[in-house]
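Here is the structure we will look at.
The values are calculated or read from the model by the stated rules, or taken from the named source; none is laboratory data. Just so it is clear, the model here is predicted, and its values are computed rather than measured. Cβ atoms come from the backbone with ideal geometry, glycine included; neighbour counts cover every protein chain shown. All accessible areas refer to the heavy atoms of the entire protein, side chains included, with ligands and DNA or RNA removed. Shrake-Rupley method; radii C 1.70, N 1.55, O 1.52, S 1.80 Å.
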Amino acid sequence: MDMDPTRTIHRLDYTPPSWLAERIGLEFELDPRRTVVTATTRYRRNPAAGAGPLVLDGESLELLEIAVDGTPLRDGEYDCGPAQLSVTRALPEEFELRVVTAIAPEANTALMGLYVSNGNFFTQCEAEGFRRITWFQDRPDVMARYRVTLRADRERFPVLLSNGNLVDQGDIPAAADGAARHYAVWDDPFPKPSYLFAVVAGRLAATERSLKTRSGREVLLQVWVEPGNEDRTGHAMQSLVEAIRWDEERFGLELDLDRFMIVAVGDFNMGAMENKGLNVFNTKYVFATPRLATDVDFANVESVVGHEYFHNWTGNRVTCRDWFQLTLKEGLTVFRDQEFSADRMAAESDSPAAAASARAVKRIEDVRLLRAAQFPEDAGPMAHPIRPDAYQEINNFYTVTVYEKGAEVIRMLQTLVGRDGFRRGMDLYFQRHDGQAVTCDDFVAAVADANGRDLAQFSRWYAQAGTPRLAITGRHDPAARSFTLEVAQASPPDASGRMPVLHVPLAVGLLDAQGRDLPLRLAGTPTAQAAPEGSAAQAPGTLVLELTGQRQSFVFVDVDAPVVPSLLRDFSAPVIVDYRYEDRELAFLAAHDSDPFNRWEATQRLAVGAVLRTLDGDDPARAASTLVEALRRSLGDETLDPAFRELVLTLPGEGVIAEQLAVVDPARLRAVRDALRMRLASELEADWRGAFARMGDQGPWRADRTAAARRALKNVALGYWVLAGAAEAREAAATQFASADNMTDRQAALQALVSGAAPQRDAALAAFATEFGDEPLAMDKWLTIQATMHRAPGEPPVLERVRALMSHPAFSIRNPNRVRALVGSFCSGNLAEFHATDGSGYAFWAEQVAALDALNPQVAARIARALDRWRKFTPERQAAMRSALETLAGREGLSGDVREIVGKALAA
Ligand code: B3K
Ligand code: ZN
């Protein structure tokens, strides 16, 4: 039954394990071709579970020996299938199981379990990779203490790392063939689930730093990279130090180990992994030098280093009972890394207003991701609650819903109980559950109990799929001197078929005719509170309304004149607000709202409105007129943070706009949106040129936030200016491309030349490849810029270029970063080209997913999701997509990963 790839696992079927593994000794004879693993585990019957045989998980293992308390098991005493091994003989209450297996790391292209990257060994065990190392109860509620012995060729694998503390190391007397071997023994004092186990071995070099924790303990921090890359680790190390300090200050949580290691690897399925004391990172989130990394890359390194470090408490010290609870650690840890980045950005600001703006910038970036990726997921065939009820392949559920919407749910909790209340909740959570594997309910209960609040209705957020909508109307009553907001909420039905009524914090303000916040007073005894301390919505004029009914009215008193409501300030809930704003009201909010998030939001609404109305046949100039003036004003407003202005001036992406359409014709959508961009480019041409000049000329590259913000605004201005078509602009871009002393400026100039179809484009692309040909992460940028190109008139389809790039030496189908940069960007980031009416994009998709699936099912399944929203497109495209999905579904030997994605898409 376990071999059935479409088998569905249900949350409510959870049963505790019959056996507990208390201690495990692992010995590795490391050899890339054939590594022998000896696992000696002390098992004890679980008093809290029903009697049951010992059933272990395994995958692609060659079983060499199995013994209980030193006695080898005979045939008939155990039953070994491809995925499960059951010990069928009678077992004592406590015993020691010894299992010897052989594995083939070099042949492991799935990059799960033990694998080889550029000659070095790495592991990835979350979610179910440990079973590719040895037979074990590979589930997060089995927590054991690990002692690991690594033996390997000393010359080829001089560095041997595992979790915890190094307790012994030395040479092994030379074998007959003379190759010198050595060993290292690591002991992890903390019990952990198998998914946090890690091994790294090979030729690596560390940068080191020692640090005193808050309680005065001296800890050793290391960042390990392939020799020669040590000079790329400074920012990651600094970010780690900042993360350690931040968790001490904000949450009172201290590093619990004597040694904390980060190791960078070029072949990695995701961003990074929080293995206890031995975080393994994609090089993309470690390497940061101005020549190779953009300002966005620098920020991402800080945020991912923070994220993995924060898991040490939220995930490792307290872990998940089962994988349905994944958001318990991921949603919470994303929330923590978002707060970390916001606090870091605010700390660099020189005034409270600048700090508020810095926080808003971070908030807008996070919400942009939510809307671009999570809202579509929540409206498509893979929609699921942040705590899913069922899955076929857990790796398919490391989603933007579990992560980003999960973080929004935690943020709402903080909004409801306030920052201090949230801290009390966290304290109680660790007091109750340190060392345990628990559920999302346990977390919510800790926050509720620490604050004396009933959060039963709030818990529905954990069970609800789909983005809720709030339909809001506002009415001013001059006679009663009141303003009434009527709010109706709607969500898709939940698993029980009923529409859940959610507990939603709705932060609002009312702007008077001068654009000032009115002091807010509600009639009656409503549930509302001042915005919580620390949220960007905090302002005297902001009130957090608590929605708990399907329909509610909120009557504000002492409102003498008409007002413009500012709704969902700081994006206080992950919902869609339907309110019929007039363009002039949006322009007013864009100019005056005290909440910077909603100023940005107003311009986004104006832009989406302009595109939608043009698609509906309105005159494009008229549809865009308010937007053009609003953007002109923001661009020239020197009191605004340049980073904030850059966000305001960036139009919502095609994917975000597509979600608002009933039927998507991607070619028309691109034409209309590109025409709007061109209109902005030419109508504001002088302004772009001015901004480019003012924001440029800052001298040599500096890392600080102010410098990065100026670069961001300068480069958005450059993009528009080049688009407007003046030769002077193109030359400015070409000059910047050639002379930039940092990747942010170089990449932006290249992007501007490509988007503006400038004559210098091809020379610049070629020059980039010459300069960075041996820098894989830089070449990823080069691949993505080309994969996401908009085709200029008369040019061949972009797919032809993508196919050609697949044979470029910089590309490799075995490397997840390369695949995401080229294939992923084309299939998910180039709507009009991917959805070409001849179906060529879909044929390419099916071909690539099948090829990838044979190598790396996790990466294949991610690419497969490009067809999730096939129902939203024009009928002929739908038909072509359906047939591509069917072709793929009909292939023999498809992995469970891809089968689930394709099956769900077809069933939708
Ligand atoms: N916990 C890992 C993700 C593992 C993904 C497994 N398919 C990284 C993170 O969220 O921090
Ligand atoms: Zn995480």
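Can you give the accessible area of residue 874 in Å² (nearest 10), computed on protein heavy atoms with a 1.4 Å probe?
Probe radius 1.4 Å; accessible area of residue 874 about 20 Å².
Taking the Cα centre of region 773-908 as origin, sum charge times position over the Cβ atoms of Lys and Arg (+1) and Asp and Glu (-1), and report the length of that vector in debye to the nearest 20.
That gives a dipole near 340 debye.
So what's region 773-908 giving for Rg/Rh, alpha carbon basis, Kirkwood Rh from the mean inverse pair distance?
So for region 773-908, dividing Rg by the Kirkwood Rh gives 0.96.
With all pairs of different alpha carbon atoms counted, what Kirkwood hydrodynamic radius in Å does region 828-908 show?
12.4
If you count only protein heavy atoms with a 1.4 Å probe, what accessible area per residue comes out for the chain, rounded to a whole Å²?
Value for the chain: 37 Å² per residue.
Can you give the FRET efficiency for residue 558 and residue 675, using 1/(1 + (r/R0)^6), R0 = 41 Å, r = Cβ-Cβ distance, to the nearest 0.05?
Rounded to the nearest 0.05, the efficiency is 0.35.
From the backbone phi of region 893-898, what are the Karplus-calculated ³J(HN,Hα) couplings (6.51 cos²θ - 1.76 cosθ + 1.60, θ = phi - 60°) in whole Hz, Gly and Pro given as x?
x, 5, 5, x, 4, 6
Using the alpha-carbon centroid of each, what span in Å lies between region 60-98 and region 608-657?
66
For the charge dipole of the chain, defined by +1 on Lys and Arg C-beta atoms and -1 on Asp and Glu C-beta atoms about the Cα centroid, which residue among 381, 268, 476 has the Cα displaced farthest towards the positive pole?
476
Counting only protein heavy atoms, what percent of the accessible surface of region 36-81 is carbon or sulfur at a 1.4 Å probe?
Looking at region 36-81 in its full context, I get 46 percent from C and S.
With charges set only on the Cβ (+1 for Lys and Arg, -1 for Asp and Glu), what does the dipole of the chain come to about its Cα centre, in debye to the nearest 20?
Dipole of the chain, to the nearest 20 debye: 960 debye.
So how many Å³ per residue does the convex hull of the Cα atoms of region 319-462 work out to?
Once divided by residue count, the hull of region 319-462 is 116 Å³.
Compute and list, largest first, the equivalent-ellipsoid semi-axes of the chain from the alpha carbon gyration tensor, each √(5λ) rounded to a whole angstrom.
Equivalent ellipsoid of the chain: 46, 33, 27 Å, largest first.
Gap in Å between the Cα centre of region 398-455 and the Cα centre of region 167-197?
Measuring centre to centre over Cα atoms gives 39 Å.
For the chain, what does -39500 (n - 2.57) per DSSP helix run (n ≥ 4), summed and divided by total residues, give at 222 nm, in deg cm²/dmol to the nearest 500?
Calculated mean residue ellipticity at 222 nm is -12000 deg cm²/dmol.
Angle between the Cα long axis of helix 685-695 and the longest principal axis of the chain, 0 to 90 degrees, nearest 10?
50
Order 190-203, 471-484 from most to least packed using the mean count of other Cβ atoms within 10 Å.
Highest-to-lowest ranking by the protection proxy: 190-203, 471-484.
Which sequence of 248, 393 reflects their accessible areas, 1.4 Å probe, from the largest down?
Details: 248 10, 393 35 Å².
Descending accessible area places them as 393, 248.
Roughly how many whole Å is it from the C-alpha centroid of region 677-718 to that of region 131-153?
52
Taking all protein chains together and a probe of 1.4 Å, list 284, 362 from the most accessible to the least accessible. List each step's numbers first, then the result.
Values: 284 80, 362 25 Å².
Of 284, 362, the descending order of accessible area is 284, 362.
Dipole of the chain (Lys/Arg Cβ +1, Asp/Glu Cβ -1, origin at the Cα centre): which of 87, 567, 315 lies farthest to the positive side?
567
List the residues, sorted by chain then number, that are 5 or more residues from residue 139 or on another chain and whose placed amide H is less than 5 Å from its amide H.
The answer is 194.
Going by average Cβ density within 10 Å per residue, which order do the peptides 606-616, 178-188, 60-70, 406-416 take, highest to lowest?
Descending packing order for the listed peptides: 406-416, 606-616, 178-188, 60-70.
How many percent of DSSP beta bridges within the chain run antiparallel, rounded to 5?
Among the beta bridges of the chain, antiparallel pairing accounts for roughly 80 percent.
In region 160-200, carbon and sulfur make up what percent of the accessible area (probe 1.4 Å)?
54
Using a 1.4 angstrom probe on heavy atoms only, work out the carbon and sulfur share of the accessible area of region 224-324 in %.
49
Heads up, I need the accessible area for residue 503: 1.4 angstrom probe, whole protein in place, Å², nearest 10.
Accessible area of residue 503: about 10 Å².
If each of residue 15 and residue 512 carries a label point 7 Å out from its Cα toward its Cβ, how far apart are those two points in nm?
In this crude spin-label approximation the distance works out to 6.8 nm.
Residues with amide H under 5 Å of residue 199's amide H, sequence separation 5 or more or different chain, H placed in the peptide plane at 1.01 Å from N; which?
Those qualifying (amide H under 5 Å, at least 5 residues apart or on another chain) are 123.
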